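Data first, discussion second: the structure below is written as structure tokens.
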Amino acid sequence: MKTGQIIHQQLQKPYVWQFVKFALVGLSNAIVLLAVYYALIFLNIHYIPAYVAGFVLSVLNAYFWNNRFVFKNSHSSFWKKLSKVYVSYITTFLLSTVLLYLWVDIIHLSDKIAPIINICITTPVNFLMNKLWAFKK
């Protein structure tokens, strides 16, 4: 069997395709978060409130697209799913905020690079929390 055929077969598995779609939503979340963050940094807003604003808007984006595009779960109520999504993202937000402080104030990385590092760490954690809990069927 050729490598291309093997990859094609692997991508046919529902969980692999679901992770790919989650990653695409994650990319849109990152764009929303970073656009808001950098815009507020440009306006001389402190990096923590800038990150909070970006986070809140990116989670709304995540809920919308994960509900309609990734997990397609219509079994539970809007408020129940939304609250679980926020709990999932708040958990990783707290981790991300601690890491942001560590990167910027302790290690002295750029406040422009630190959020990108955090996204690489928190995305897999978020996928598992959303798949196994927030959008569990």
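The values are calculated or read from the model by the stated rules, or taken from the named source; none is laboratory data. These numbers were taken from a predicted model, which means no experiment stands behind them. Because the Cβ atoms are built from the backbone with ideal geometry, glycine has one as well, and the counts that use them run over all protein chains shown. Heads up: the accessible areas ignore ligands, DNA and RNA and are worked out on the full protein's heavy atoms, side chains in. Shrake-Rupley method; radii C 1.70, N 1.55, O 1.52, S 1.80 Å.
Among the residues of the range 112-121, those identified as among the β-branched types (Val, Ile, Thr) and either within 19 Å of Trp17 (Cβ to Cβ) or surrounded by 14 or more Cβ atoms within 10 Å (Cβ to Cβ) (or both) are Ile117, Ile119.
Residues of the range 76-102 that are part of a helix (DSSP H, G or I) and among the hydroxyl-bearing types (Ser, Thr, Tyr): Ser83, Tyr86, Ser88, Tyr89, Thr91, Thr92, Ser96, Thr97, Tyr101. What pairs come out if I take residues in the range 19-36 that are closer than 10 Å to Trp65 by Cα and pair them with residues that are β-branched (Val, Ile, Thr) and surrounded by fewer than 19 Cβ atoms within 10 Å (Cβ to Cβ) whose C-beta lies under 7 Å away, six or more apart or interchain? Filtered contacts from the range 19-36: Gly26/Thr123. Here Leu43, Leu94 are screened, and the one residue that is at pLDDT 90 or above and either of a type in the set (Lys, Arg) or closer than 25 Å to Asn130 by Cβ (or both) is Leu94. Taken as a whole, the range 122-136 holds at least one residue that is open to solvent by 90 Å² or more (accessible area, probe 1.4 Å) and basic (Lys, Arg).
Selection of the range 37-57 for residues being open to solvent by 40 Å² or more (accessible area, probe 1.4 Å) and over 16 Å from Ile113 (Cα atoms) yields Leu43, Asn44, Ile45, Pro49, Val52, Val56, Leu57.
The single condition among (1) closer than 23 Å to Trp17 by Cβ; (2) surrounded by fewer than 17 Cβ atoms within 10 Å (Cβ to Cβ); (3) in contact (Cβ under 8 Å) with a residue 60 or more places away in the chain that Lys72 does not meet is (3). If you check Ala62 against the conditions, is it aliphatic (A, V, I, L, M) and farther than 30 Å from Phe42 by Cα? Here the answer is no, as Ala62 does not meet what is asked. Within the range 97-111, residues that are open to solvent by 40 Å² or more (accessible area, probe 1.4 Å) sit with their Cβ atoms under 6 Å from residues that are among the small types (Gly, Ala, Ser) and in a helix (DSSP H, G or I), at 6+ positions apart or across chains, in these pairs: Trp103/Ala114.
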